[in-house]
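What follows is a short report on a single structure.
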Amino acid sequence: MIYECAIIGGGPAGLNAALILGRARRSVAIIDNNRPRNAVTHASHGFITRDGVTPAEFRRIALEEVKSYPLVDHLQNEVVSVDTTQFGFELVDSAGLHLQARKLILATGVKEIYPDIEGFYPLYGKSLFNCPYCDGWELQDQPLVVVSEYPNLFHTAKLLLNWSENLVVCTNGKASLSDEHKKQLQSKDIVVMELPIAAFIGQNGQLEHVRFADGTQIPRAGGFVTPKFVQSVPFAERLGCGVTASGGIKTDGKGRSAIPGLYIAGDTSYVAPSQVVFAAADGSQTAMSVNMDLTEEDFTNRGSSPEG
């Protein structure tokens, strides 16, 4: 069997794409390794009717809805290779299964690479986060630390003032703030620390102190740390797709990549903002592009109507 579309990735983008295509009566295989990036997250926010839902519950509901459409198959495995063929694409998974599809959506997302700071991971997803829109509400009015080695630090600090005015901004030893930006932050009573961070100190998931390389410690109750984002899998680049300045795969704005028949959905394309609602919406739009392209191909290839 050749599926009309294969989808690699079972996050919000991939699942919503499968839902749209299933409802369009397209044969779909969604292949998912069941290792979601937000597994450590206690709750997902910002998606109307699902605010505060756990990632596991969101996934359960989504899969239940998607699998109710008879032409959608859900395969739980790891895709290890993707190649173009005369009919479209051939995928091979870790069990040796070969799967063929006319179109392919990559919804594999990105992965975060955080600064190598002692004590970070026991606190991540509990009192240290990366997205103010996702978790700022829960940390409102608390003494927070803001850590970034990148130029976005100034913007993030300004943004977080809406949730807390008690901020310490840290560059972790990098030159991520200009002198002018430092002056502006300090004029708003924001403390700027440029020393490398030695450790986050806390217990039971709760941040208590930040210790710097010179031994200085400051009390903090939570905070936000900016990671570097990289593609979770190399398939798009191996197939010849271009990459944006932020690390996403280039598309036409509606999911189509530079490779015919290959589509990119969710964080894989735009990287940030990485919210469930954005990814799901992008999956929907990409699926509509797939269905439109299949429709055009099928219409062109249909036999001529009998003459009356």
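Straight distance only, please: which lysines reach the Cα of residue 183 with their own Cα at less than 28 Å, same-chain residues fewer than 8 apart left out?
Within the straight-line limit of under 28 Å, residue 183 reaches these lysines: 158, 174, 228.
Per the 1.4 Å probe, what fraction of the accessible area of the stretch 1-118, in percent, lies on carbon and sulfur atoms? Before the final figure, lay out the partial values.
Details: 2890 of 5800 Å².
C and S fraction of accessible area: 50 percent.
In square angstrom, what is the accessible area per residue of the stretch 149-308 with a 1.4 angstrom probe?
Details: 8230 Å² over 160 residues.
Computed with neighbouring chains in place, this is 51 Å² per residue.
Based on DSSP, what percent of beta bridges with both residues in the chain are antiparallel, to the nearest 5?
Percent antiparallel among DSSP bridges in the chain is about 45.
From the mean inverse distance of alpha carbon pairs (Kirkwood) and the Cα radius of gyration, derive Rg over Rh for the stretch 69-222.
Working: Rg = 21.8 Å, Rh = 18.5 Å.
Rg divided by Rh gives 1.18.
With r as the distance between the Cβ atoms of residue 112 and residue 188 and R0 = 30 Å, compute the FRET efficiency 1/(1 + (r/R0)^6) and round to 0.05. The partial results should precede the final answer.
Working: r = 28 Å, r/R0 = 0.94.
Calculated value: 0.60.
Mean 1/r over all different Cα pairs, inverted: what Kirkwood radius does the stretch 227-291 give, in Å?
Working: mean 1/r = 0.0847 Å⁻¹.
Here the Kirkwood hydrodynamic radius works out to 11.8 Å.
Taking the Cα atoms only, what angle lies between the long axis of helix 276-301 and the longest principal axis of the chain, rounded to 10 degrees?
20 degrees
So which cysteines in the chain don't have a second cysteine's C-beta under 4.7 Å from them?
Within the chain, the cysteines lacking a partner Cβ under 4.7 Å are 5, 170, 241.
For a protection proxy built on the mean count of beta-carbon atoms within 10 angstrom, sort 172-180, 120-128, 286-294 highest first, please.
Highest mean packing first, the order is 286-294, 120-128, 172-180.
Between rounded, prolate and oblate, where does the chain land on the alpha carbon gyration tensor, with a ≥ b ≥ c its root eigenvalues, rounded for a/c under 1.5, else prolate if a/b exceeds b/c? Don't jump to the answer; show the numbers that get you there.
Details: a/c = 2.50, a/b = 2.28, b/c = 1.10.
Verdict is prolate for the chain.
Give the cross-link partners of residue 126 among the aspartates and glutamates, using a straight C-alpha distance below 20 Å as the criterion and excluding same-chain residues fewer than 8 apart.
Counting by Cα, and skipping residues close in sequence, residue 126 has these aspartates and glutamates nearby: 51, 57, 112, 116, 118, 135, 138, 141, 208.
For a quick check of your reading of the filter: which GluC sites (Glu not before Pro) in the stretch 214-308 sit in a DSSP loop and have no more than 15 other Cβ atoms within 10 Å?
Working: sites: 237, 296, 297, 307; in loops: 307.
Taking the stretch 214-308 and a limit of 15 other Cβ atoms within 10 Å, the loop GluC sites (Glu not before Pro) found are 307.
Compare the peptides 55-66, 147-158 by average per-residue count of other Cβ atoms within 10 angstrom and give them in order, highest first.
Numbers: 55-66: 16.4, 147-158: 18.1.
Ranked by mean Cβ neighbours within 10 Å, highest first: 147-158, 55-66.
Calculated from DSSP H runs of 4 or more alone, at -39500 (n - 2.57) each and per residue, what is the 222 nm mean residue ellipticity of the chain, nearest 500? It would help to have the intermediate numbers written out before the result.
On the way: 9 runs with 83 residues, N = 308.
When only DSSP H runs of four or more count, the value is -7500 deg cm²/dmol.
The values are calculated or read from the model by the stated rules, or taken from the named source; none is laboratory data. A quick note: this is a predicted structure, and the numbers were derived from the prediction, not measured. Because the Cβ atoms are built from the backbone with ideal geometry, glycine has one as well, and the counts that use them run over all protein chains shown. All accessible areas refer to the heavy atoms of the entire protein, side chains included, with ligands and DNA or RNA removed. Shrake-Rupley method; radii C 1.70, N 1.55, O 1.52, S 1.80 Å.
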